[in-house]
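What follows is a short report on a single structure.
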Ligand code: ARE
């Protein structure tokens, strides 16, 4: 049987292998040496690049890890919530858990286990979206067949496991929806509108949540995005984290406020909300990238230090609005390149699908399972050739951001500059550039028209350099002889003189020096 599993290489074979693994270990057993995997052991740091793969089913994600995410230098992915959810054709059903079975429209438990294992093998850590603040509202039958009704999710949770089911004299009792999103008691005890709010101060509830997370860790998952962390007391999350079978990465979603996010730093990383506003201001329309000149000072004020996760858009801003999205064509691509260039934070990109209805789930088959994605463009953002600040995706097309050459180029650049200190900032009329130590220089032209750079100070040694943005992750080919992107010259005085196309960037590094 063991030999048979080893030689199975096709999809069916790998699915059967994963099922065999699960059966042989029991549902919550620890697969042999999952915790010893070099991928799991490597921490997520500022040198790591993550990407949220929204709407990807497990089988397709396994292939994407092997074929693109790993080879393109992505260190970790954020997946859809993996647990059983309410049924429906809206994407947000995933955020209404019905049970903690790893069965969802993204795939079965066996498919999930296999995806995690393939991604780890490709050097890509898996962070899942953990929806543990609440359960599904109303009544119905979940995706895996579990019946639920008015906060009764037996055998997992009963009505008194929720704040609305506690004695009215209990200080945590609340049966109404949150209206003040920032007041501590209200935001942690009352309901995300319409959803029963788990009493995470109860040790039995904490244990059930811990079991759910431990189950995923046992399959090789590396960490969690704690959904709606702002609505769970920091002490509860800390207690849950302390019960895990091994150290896991936590990034907590504390929406809308860096000040409230600071309450959660003792448990893990947090989303940098004000940084996302910067990205929006710099790249929503042409001509504003120079606003980046105030970013260093601003980011020091955030109070999040190196626990900030930096981002441009996520599934909420993508669907509900409030950020730069694929609709903004080349500006979208530039905005991701920008977060990859900054020394501040741990960057997370976003790869999703195009839609006309903001509620729409990724394309599903007749049984409600999410279909294999169709990548509309594998090389760069699909922009409208006449209006490059607009895109031309069809409904249900996947953007496949992880495949875009300018971004894999920027990952190569980020790797090359390491912790190089930012200097020689240039910021004028839509253009923003800076050096990182003596290892690299980047300049963004957010104007629709071209930019004639004249004697920009870079601090780089004189020579000919190949551009990562147009040339990709390893722009130098043929044993250092040719450049697959734009080649530029740095003069003896360390300055750059060149012409940069509209809505583009140039990123050169010590690793892209031709001569
Ligand atoms: C859906 C319907 C609702 C309905 C509910 C229950 O849209 O009308 O009341 O179901 O039937 C996602 C979707 C929601 C969806 C929900 C459940 O975005 O539309 O509701 O799933 O299916 C606040 C929270 C923050 C939260 C955002 C959306 O603080 O935690 O609101 N973000 C996370 C996820 C979401 C997810 C949930 C939480 C719930 O990222 O995808 O919702 O699991 C200010 C405030 C913030 C506030 C922000 C936006 O900035 O300071 O606190 O964020 O505005 O309102």
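Here is a yes/no grid of residues against (1) part of a loop (DSSP other than H, G, I, E, B); (2) in contact with a helix residue (DSSP H, G or I) (Cβ under 8 Å, 6 or more places away or on another chain); (3) surrounded by 24 or more Cβ atoms within 10 Å (Cβ to Cβ); (4) in contact (Cβ under 8 Å) with a residue 40 or more places away in the chain:
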{"site": "319", "(1), (2), (3), (4)": "no, yes, no, yes"}
{"site": "322", "(1), (2), (3), (4)": "yes, yes, no, yes"}
{"site": "331", "(1), (2), (3), (4)": "no, yes, yes, yes"}
{"site": "334", "(1), (2), (3), (4)": "no, yes, yes, yes"}
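Looking at 187, 225 in this structure, which one is in contact (Cβ under 8 Å) with a residue 60 or more places away in the chain, crowded, with 17+ Cβ neighbours inside 10 Å and within 10 Å of the ligand (Cβ to nearest atom)?
On the way: 187 fails: in contact (Cβ under 8 Å) with a residue 60 or more places away in the chain.
Answer to the check: 225.
In the stretch 195-204, which residues are within 12 Å of the ligand (Cβ to nearest atom) and outside any loop (DSSP other than H, G, I, E, B)?
To start, the set of residues in the stretch 195-204 that are within 12 Å of the ligand (Cβ to nearest atom) comprises 195-198.
Result: 197, 198.
With respect to residue 263, is the statement that it is surrounded by fewer than 20 Cβ atoms within 10 Å (Cβ to Cβ) and either under 20 Å from the mean Cα position of the chain (by Cα) or part of a helix (DSSP H, G or I) (or both) true?
Details: surrounded by fewer than 20 Cβ atoms within 10 Å (Cβ to Cβ): yes; either under 20 Å from the mean Cα position of the chain (by Cα) or part of a helix (DSSP H, G or I) (or both): yes.
Yes.
Within the stretch 441-460, identify whether any single residue is out of contact with any helix residue (DSSP H, G or I) (no Cβ under 8 Å at 6 or more places or on another chain) and closer than 16 Å to residue 343 by Cα, and answer yes or no.
yes
Please find, within the stretch 489-507, the residue that is farthest from residue 426 (Cα to Cα) out of those that are in a strand (DSSP E or B) and within 28 Å of the chain's Cα centre (by Cα). It would help to see each step written out before you state the result.
Residues of the stretch 489-507 in a strand (DSSP E or B): 489-490, 495-500, 504-507.
Restricting the remaining residues to those that are within 28 Å of the chain's Cα centre (by Cα) gives 504-507.
Details: 504: 16, 505: 13, 506: 13, 507: 14 Å.
Among residues in the stretch 489-507 that are in a strand (DSSP E or B) and within 28 Å of the chain's Cα centre (by Cα), the one farthest from residue 426 (Cα to Cα) is 504.
Report yes if some residue within the stretch 91-100 is away from the ligand (no atom under 14 Å from the Cβ) and farther than 28 Å from residue 380 by Cα; otherwise report no.
Yes, the stretch 91-100 contains a residue that is away from the ligand (no atom under 14 Å from the Cβ) and farther than 28 Å from residue 380 by Cα.
Restricting to the stretch 452-482, give me the number of residues that are at pLDDT 95 or above, within 11 Å of residue 512 (Cα to Cα) and surrounded by fewer than 23 Cβ atoms within 10 Å (Cβ to Cβ).
Total satisfying the criteria: 2.
Would you mind stating whether residue 59 is surrounded by fewer than 18 Cβ atoms within 10 Å (Cβ to Cβ) and either at pLDDT 85 or above or at positive phi (or both)? It would help to see each step written out before you state the result.
On the way: surrounded by fewer than 18 Cβ atoms within 10 Å (Cβ to Cβ): no; either at pLDDT 85 or above or at positive phi (or both): yes.
Judged against the criteria, residue 59 is not a match.
Can you name the residue in the stretch 73-90 that is buried (at least 23 other Cβ atoms within 10 Å of the Cβ) and more than 16 Å from the ligand (Cβ to nearest atom) and is also nearest to residue 402 (Cα to Cα) among such residues?
74
Rundown of residues vs (1) surrounded by 24 or more Cβ atoms within 10 Å (Cβ to Cβ); (2) farther than 29 Å from residue 59 by Cα, yes/no style:
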| site | (1), (2) |
| --- | --- |
| 341 | yes, yes |
| 387 | no, yes |
| 390 | no, yes |
| 396 | no, no |
| 420 | no, yes |
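Select from the stretch 336-369 the residues that are out of contact with any helix residue (DSSP H, G or I) (no Cβ under 6 Å at 6 or more places or on another chain) and either free of Cβ contacts under 8 Å to residues at least 12 places away in the same chain or assigned to a helix (DSSP H, G or I) (or both) and list them in ascending order.
Taking the stretch 336-369 first, the residues out of contact with any helix residue (DSSP H, G or I) (no Cβ under 6 Å at 6 or more places or on another chain) are 338-339, 341-343, 345-346, 348, 350, 353-357, 359-360, 362-369.
Across the stretch 336-369, the qualifying residues are 338, 339, 341, 357, 365, 366, 367.
Just need a number here: residues in the stretch 271-303 that are in contact (Cβ under 8 Å) with a residue 24 or more places away in the chain, part of a helix (DSSP H, G or I) and within 12 Å of the ligand (Cβ to nearest atom).
Residues flagged as in contact (Cβ under 8 Å) with a residue 24 or more places away in the chain, part of a helix (DSSP H, G or I) and within 12 Å of the ligand (Cβ to nearest atom) within the stretch 271-303 amount to 2.
In the set 358, 390, 402, which member is farther than 30 Å from residue 46 by Cα and under 20 Å from the mean Cα position of the chain (by Cα)?
Details: 390 fails: under 20 Å from the mean Cα position of the chain (by Cα); 402 fails: farther than 30 Å from residue 46 by Cα.
After ruling out the rest, the residue left standing is 358.
With within 16 Å of the ligand (Cβ to nearest atom), in contact with a strand residue (DSSP E or B) (Cβ under 6 Å, 6 or more places away or on another chain) and on the phi > 0 side of the Ramachandran plot as the only criterion, which of 268, 322 stands out?
Values: 322 fails: in contact with a strand residue (DSSP E or B) (Cβ under 6 Å, 6 or more places away or on another chain).
On inspection, the qualifying residue turns out to be 268.
For (1) in a strand (DSSP E or B); (2) within 16 Å of the ligand (Cβ to nearest atom); (3) surrounded by 14 or more Cβ atoms within 10 Å (Cβ to Cβ), each residue gets a yes or a no:
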site	(1), (2), (3)
167	no, no, no
193	no, yes, no
208	no, no, yes
216	no, no, yes
236	no, yes, yes
246	no, no, no
251	yes, yes, yes
255	no, yes, yes
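Quick one: which residue in 132, 126 is within 27 Å of residue 77 (Cβ to Cβ) and more than 13 Å from the ligand (Cβ to nearest atom)? Explain how you work it out, then say what you get.
Values: 132 fails: more than 13 Å from the ligand (Cβ to nearest atom).
After applying the criteria, what remains is 126.
Checking the structure you have, find out if any residue of the stretch 24-43 is within 19 Å of residue 371 (Cα to Cα) and modelled with pLDDT of 50 or more. Full working, then the answer.
Initial filter on the stretch 24-43 (within 19 Å of residue 371 (Cα to Cα)): none.
Within the stretch 24-43, not a single residue is within 19 Å of residue 371 (Cα to Cα) and modelled with pLDDT of 50 or more.
Before we move on, is residue 123 under 19 Å from the mean Cα position of the chain (by Cα) and either under 30 Å from residue 49 (Cβ atoms) or in a strand (DSSP E or B) (or both)? Full working, then the answer.
On the way: under 19 Å from the mean Cα position of the chain (by Cα): yes; either under 30 Å from residue 49 (Cβ atoms) or in a strand (DSSP E or B) (or both): yes.
Yes; evaluated as a whole, the condition is true for this residue.
Would you mind telling me which numbered condition in (1) more than 26 Å from the chain's Cα centre (by Cα); (2) more than 21 Å from residue 405 (Cα to Cα) residue 436 fails?
(1)
Which residue is nearest to the ligand (Cβ to nearest atom), if the candidates are limited to the stretch 169-178 and must be surrounded by 15 or more Cβ atoms within 10 Å (Cβ to Cβ) and under 16 Å from residue 202 (Cβ atoms)? Walk me through how you get there before you give the answer.
Step one: list which residues in the stretch 169-178 are surrounded by 15 or more Cβ atoms within 10 Å (Cβ to Cβ), which gives 172-175, 178.
Cutting the leftovers down to under 16 Å from residue 202 (Cβ atoms) gives us 172-174.
Details: 172: 18, 173: 20, 174: 15 Å.
Only one residue fits best here, namely 174.
The values are calculated or read from the model by the stated rules, or taken from the named source; none is laboratory data. No experiment lies behind these values; they were computed from the predicted model shown. As a convention, Cβ positions derive from the backbone with ideal geometry for all residues, glycine included, and neighbour counts pool all protein chains shown.
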